[in-house]
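The values are calculated or read from the model by the stated rules, or taken from the named source; none is laboratory data. Note that the coordinates shown come from a computational prediction; the quantities given were computed from them, not determined experimentally. All Cβ positions, glycine included, derive from the backbone under ideal geometry; neighbour counts span all protein chains shown.
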Amino acid sequence: MPLELQTEFRCTEMAMLTANHLSDQSRARVILMLGAPGSGKGTQSSWLSKQFGIPRLSTGEILRTEAKRNTPAGFRLRQILATGALVDDDMVCAVVGARLQREKPENGLILDGFPRTVQQACFLDSLLADLGLPRPTVIDLEISKEGLLRRLAGRRQCAVCGSVYNLISRPSRRGSRCETDGGALVQRDDDTEGVILHRMEEYEAFSAPLIDYYKTANYHRVTADRDVNAIAKDLLSALSMPARFTLSSAA
Ligand code: ADP
């Protein structure tokens, strides 16, 4: 192929690659799940992650894993998580930043439990810009205090795979064992009444300024005091997408 044609071919190929890349980037989605402890962020975000085929990152899960380590940071985390207080911004931002810089989620991601403060939200804005990801769509799951206490007291989690059940609204068909792998269903250490109340106070203290921060963004408030499938349906219409799975098949 003559040189000028080769050059033209390369330019066309480059333009197509760039166009594909740009359209991939423009299809990328970042979804933030806000909501009090027990509002269903974990259940809904795991399901949305399958719907959209994008990864989910839960800071609560990452921090609980870190807390199991026998390191000074692990020890400090265990103490914080046991009280229900928020972990300090610098530590959470460092964990999220390192994870996203390493994984570079080009098609976007769902963040469950991050950000929880305005400082974390500012950090996230610059991190997303750095990664070439769009501004987030924010889902705020709203639920009454009675609804929260009821849910959290009945929440059980598989000790092996982390699947979440609820004694009242989503019991396991295998009793006290996980339907997927037979693992024992246990209560989270921070799902005891005193710790739950402290987690709620922390949420109330920090959520108002955070919601204010996102009010001008692509923000959707969804009532979460309802059946999981009804909530999921509202989430999809907020995110403008037809359902591919039902929630129970993706749990
Ligand atoms: P929940 O939303 O039900 O409280 P999570 O699993 O999201 O449950 O969080 C559990 C705990 O992890 C919180 O009580 C808090 O101590 C800590 N945590 C999680 N995400 C953050 C965050 N973004 N900033 C500070 N602390 C966090």
* Tell me which residues, restricted to the stretch 39-79, are without any contact (Cβ under 8 Å) to a residue 40 or more places away in the chain, of a type in the set (D, E, K, R) and touching a Gly at 6+ places or on another chain (Cβ under 7 Å). => Glu66, Lys68
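Provide a single number: the residues in the stretch 118-149 that are in contact with a strand residue (DSSP E or B) (Cβ under 9 Å, 6 or more places away or on another chain) and either modelled with pLDDT under 90 or farther than 30 Å from Gln101 by Cβ (or both). Walk me through how you get there before you give the answer.
In the first step, residues of the stretch 118-149 are kept if they are in contact with a strand residue (DSSP E or B) (Cβ under 9 Å, 6 or more places away or on another chain); the result is 121, 124, 128, 133-143.
So of that shortlist, the ones also either modelled with pLDDT under 90 or farther than 30 Å from Gln101 by Cβ (or both) come out as 142-143.
Going through the stretch 118-149 one residue at a time, the tally reaches 2.
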* Structure fact -> When every residue in the stretch 205-245 that is in contact (Cβ under 8 Å) with a residue 12 or more places away in the chain and under 15 Å from Leu86 (Cα atoms) is compared, the one nearest to the ligand (Cβ to nearest atom) is Phe206
* Asked: In the stretch 88-99, is there at least one residue being under 24 Å from Val164 (Cβ atoms), surrounded by fewer than 21 Cβ atoms within 10 Å (Cβ to Cβ) and more than 10 Å from the ligand (Cβ to nearest atom)?
  -> yes
* From the list Asp191, Asp181, which one is of a type in the set (Asp, Glu), in a loop (DSSP other than H, G, I, E, B) and at pLDDT below 90? -> Asp191
* **Residue tally, condition outside any helix (DSSP H, G or I), of a type in the set (A, V, I, L, M, F, W, C) and more than 13 Å from the ligand (Cβ to nearest atom), over the stretch 111-138** => 3
* **Residue, nearest to the ligand (Cβ to nearest atom), within the stretch 23-69, restricted to residues that are touching a Ser or Thr at 6+ places or on another chain (Cβ under 9 Å) and assigned to a loop (DSSP other than H, G, I, E, B)** => Ala36
* Asked: Which one of the conditions (1) away from the ligand (no atom under 13 Å from the Cβ); (2) in a strand (DSSP E or B) does Leu141 fail to meet, given that it meets all the rest?
  -> (1)
